[in-house]
Amino acid sequence: MGTLIYDGSFDGLMTALYRVFLGGDTAEELIAEKDYQPGLFSTGQRVETHEGTATAMVEAIRKKISPRALRHAFYAASTGRKEAGTLVYRYIKKGFSLGKALDSHLLDPDVAALHALSRRVGRELHRLLGLTRFRLLENGVLYAPLEPDSDIIVLLAPHFALRLPRENWIIHDVRRGKAALYNRRQWVLTDLERQGRLPLDREEEELQELWKNYFARIAIEERKNPRLQAGNMPKKYWKYLVEKEGR
Amino acid sequence: MELLEKIRILADGAKYDVSCSSSGSAGASRGRGTGSTLSCGVCHSWSDDGRCISLLKILYTNECVYDCSYCVNRRTKDVPRASFTPEELARLTMEFYRRNYIEGLFLSSGVKVSPDRTMEEMTTALRLLREEQGFHGYIHVKAIPGADPRLIDRAGRYANRISVNMELPSEQGLKLLAPQKKREDIIRPMHLISQKIREEKEEKKKRRPLPQPFAPAGQSTQLIIGATPDSDTRILKLSETLYSSFGLKRVYYSAYVPVNYDSRLPDLMKPPLLREHRLYQADWLLRFYGFAAGEITGGREENLDPELDPKCAWALQNMHLFPVEVNKADYSMLLRVPGIGPLSAKRILTARKHGPVTYEGLKTIGAVLKRARYFITCRGKYYGEGLEDPVFLRSLLVDRREKGPGEQLSLFEALSPREENLLPAKAGF
Ligand code: SF4
C-alpha cells in the first residue's frame, strides 16, 4: 500500500491528488507531513507542492465532478485531521466515476464519511460568524483573535470583507499562527505570531463594559440555564469572547 | 444619565420580548456603508438563560403611559426609567455591530407621551443609523399600536422586519389585563403592514426592486403564554390564521414571567416553559411540516400533551397511517414520521435514487432513529416494538429528559437548529 506525504496545505493535497489521478502514481493513503509515521513495511513518498498542478486538479474536480464537491473537499481538508487527506482522496476517486451525482450517493461510505467532516467545518464556520469578536486597537484596526478547531479563517474573511468593508481588520488564528488582514479593499492571508497585549483604543474598554452589562441584563433570571448556554456556545470558544472572557 | 445606566435599564425592559431572529433577507452595503444581512439567522452569543442573542434587543424608552398588568414597564410600577436619544442609540448600535457583538438592532419601546411621539423618535434613530451612519445590518422595529400609519410606514422603510405584539391571544384577555389597549389598535397596524408587504411584492414582480422596500423580511408578532386562560388549541388556531391571512413570518411565544402582583393575573410560581416549548414545536409543524392546527390539537379545546412531542402525540392518535415504508413514502408522509425532519426526509429521497434504503443506511445519512424506528419499516422490516399497543408505545415515547425536577432542562431546542428543527431553507448540505 502506497502512501503520499504532502505538506498539509490544500495545495499540497491537490498536488498529491493530481499525481495519483493524472500523473500515474499509485497510493491508497494521503497523509500530511505532521501526521506521518514511517511504517515497518511501507515508506511514504514525499510530494513537492506545486501551485500550477494544484490549480489543474482543482479545475478537474470542478469540471468533472462539481463545484459543490470541491467545496466539500476543501471543508474536509480544513479540519486538519489525520484521516482527512485519505478521505478526500477516496471521495474524489468516487467522484471521477460517479460525476455530478457524487453528492447524492448519501449511502456510500466514502461520501458519507467526507460529508460528516465537511459538516463539522460548516457548523464551526456558522458559529464563528457570530462568535468572532473584534477589539478596536489604538491604531484604528479591528482585531479578532480566534482558536478554531478547523483552519477556517480563509472562510471567515470573505464574510467580514462584505460586512465591514470600510474598516481595517485582522482575524487572527492564534494557534496556527496565521491571520487574514483586510485594508478596506482586499484581504490577504499571512503568518502572524501570537501577540502580547495590544494597545486598545481609548473608548474600547467602555464599549466592552457596555456590552458586558447588556449581556448580563438581557438574561431572564427565572430561566437561568447554564447547560443550555454551554450547549449552544461551547466553552472552548469563551476564551476570546468579550462577554465571557476569564469566566 | 450615563449610557451604561441606560443600557442596564432598557435591556431589562426588553428581555421578555422573545424574537431574536435575524433571518429572511440577504444583502450588503457593497462598500458604501457598513453591514450585511444573511438569509439564515446568526446567533452572536447565548445569554445565561441559554437564549440566542442575535440582535441588540432594547427599548427606546421604558417610560409608558399605559398600565398593562403583565408588563414590567407599566406606568404604576416602581422601576427606574430611562430613554435614549436617537444619537445615542445609533452610535451604540454601530459600535456593537463593528465589533461583531450583534447582527443588528431590535428596537421596541414603551409609550412615552403618545404613540405618535414614540414612533417618531424611534424612526429618527433608525434614520440616523441608516442614512448618516450608513448602516446596512438588520433592523427589526416594533410598530407602536395607535401610531399614525404614515409613521409606521416610514419606520418600516428603514427596517428589515416590523412587528406588532399581539401579546394576549384573546379579546377577553386584553380587556382584562390591558384595558387601555383596544384590539383594533393591534389588528389595524398588522393589517396595514401585511397589506403593504403584499402590495410591494406585486409591484416588485412588475418592475425592478424598489429603492426603499417596506420590511423586506416581513412581519412577526408575539403572544404571551399563560397570563390568560386561553388554551393551546385556541393559540394555534390564531397562529394559523396569522400565517395564512396576514402572511406573518413568525409568531413568537413567550412564557409569562410573573413580574407583577395583580389579582387579575394567574398565580404562577414559575413561567410555563414546557408549555411554551410544546407550542414552538407545534408552530414548527404548522410552518414546515404541512400540518393544520386542527390536526395537531385533534380538535379538542385543550392544551398540548406536556409529556409528548406534538408530532408523537399526533402519530399516536393516527396509528392507522403507520408504519411507513421509507422506500415508498413521499416527502410529505416522511415528514410526518416522528423524529424525521425536512433534512432527513430530503436525504432519504436523495439516497433512494441509487437503491433501497436500509435501516443501517438511515443511520449513515444521519437520520435520528430514537423515535422514528417505532413508525417505519425499511424494505418491509419493522425495527421497533409496540406498534400494536399504543399505550405501551406512548410510554416509550414520553420525553423523559424533560420530565426532570423543574422545567429547566433543555426546553429551548425549538430555538436551536437541531435536526427536527432545521429550516428547510438550509437543508441540502
Ligand atoms: S404599552 Fe407596552 S410597555 Fe406600556 S405597559 Fe403596555 S405592554 Fe408595557
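The values are calculated or read from the model by the stated rules, or taken from the named source; none is laboratory data. These numbers come from a predicted model, not from an experiment. When we count neighbours, we look across all protein chains shown, and the Cβ atoms used for this are built from the backbone with ideal geometry, even at glycine.
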Looking only at residues in segment B:112-144 that are within 16 Å of the ligand (Cβ to nearest atom) and crowded, with 24+ Cβ neighbours inside 10 Å, which one is nearest to the other protein chains (Cβ to nearest Cβ)? B:142
Going through segment A:129-155 one residue at a time, which ones are surrounded by 23 or more Cβ atoms within 10 Å (Cβ to Cβ) and more than 8 Å from chain B (Cβ to nearest Cβ)? A:148, A:150, A:153
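Here are A:121, A:88, A:111: which of them is closer than 30 Å to residue B:55 by Cβ, more than 8 Å from chain B (Cβ to nearest Cβ) and modelled with pLDDT of 95 or more?
Criteria check complete, one pass: A:121.
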In segment A:54-70, how many are touching a residue at least 12 places away in the same chain (Cβ under 8 Å), surrounded by fewer than 18 Cβ atoms within 10 Å (Cβ to Cβ) and farther than 14 Å from residue A:16 by Cα? 3
Of the listed residues (B:286, B:242, B:236, B:316), the one being over 26 Å from residue B:201 (Cβ atoms), within 17 Å of the chain's Cα centre (by Cα) and in a helix (DSSP H, G or I) is B:236
Looking at this structure, is residue B:231 under 19 Å from the mean Cα position of the chain (by Cα), surrounded by fewer than 22 Cβ atoms within 10 Å (Cβ to Cβ) and more than 16 Å from the ligand (Cβ to nearest atom)? yes
Restricting to segment B:36-76, give me the number of residues that are out of contact with any Lys or Arg (no Cβ under 6 Å at 6 or more places or on another chain) and either away from the ligand (no atom under 16 Å from the Cβ) or assigned to a strand (DSSP E or B) (or both). 20
With the requirement that a residue be within 14 Å of chain A (Cβ to nearest Cβ), of a type in the set (D, E, K, R) and over 15 Å from residue A:111 (Cα atoms), what does segment B:316-351 give you? B:346
Go through segment A:163-179 and count every residue that is buried (at least 17 other Cβ atoms within 10 Å of the Cβ) and closer than 23 Å to residue B:27 by Cβ. 6
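Checking the condition more than 10 Å from chain B (Cβ to nearest Cβ) and either within 16 Å of residue B:4 (Cα to Cα) or without any contact (Cβ under 8 Å) to a residue 40 or more places away in the chain (or both), which residue from A:245, A:204, A:221, A:209 passes?
Result: A:245 is the single residue among A:245, A:204, A:221, A:209 that is more than 10 Å from chain B (Cβ to nearest Cβ) and either within 16 Å of residue B:4 (Cα to Cα) or without any contact (Cβ under 8 Å) to a residue 40 or more places away in the chain (or both).
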Any idea which of B:168, B:105 is of a type in the set (A, V, I, L, M), in contact with a Ser or Thr (Cβ under 6 Å, 6 or more places away or on another chain) and within 16 Å of the ligand (Cβ to nearest atom)? B:168
Filter segment B:245-265 down to residues that are hydrophobic (A, V, I, L, M, F, W, C) and outside any loop (DSSP other than H, G, I, E, B) and give me whichever is modelled with the highest pLDDT. B:251
Of the residues B:227, B:282, B:217, which single one is modelled with pLDDT under 90 and touching a Pro at 6+ places or on another chain (Cβ under 9 Å)? B:227
Has segment B:199-212 got at least one residue that is in the same structural domain as residue B:79 (by TED's automatic domain parsing) and crowded, with 21+ Cβ neighbours inside 10 Å? no
Output the helices (runs of 4 or more DSSP H) that fall wholly within segment B:330-378 and possess 3 or more residues being farther than 21 Å from residue A:112 by Cα, or say none. B:331-334
Could you figure out which of (1) surrounded by fewer than 24 Cβ atoms within 10 Å (Cβ to Cβ); (2) outside any loop (DSSP other than H, G, I, E, B); (3) within 16 Å of the ligand (Cβ to nearest atom); (4) within 14 Å of another protein chain (Cβ to nearest Cβ) isn't true of residue B:79? (2)
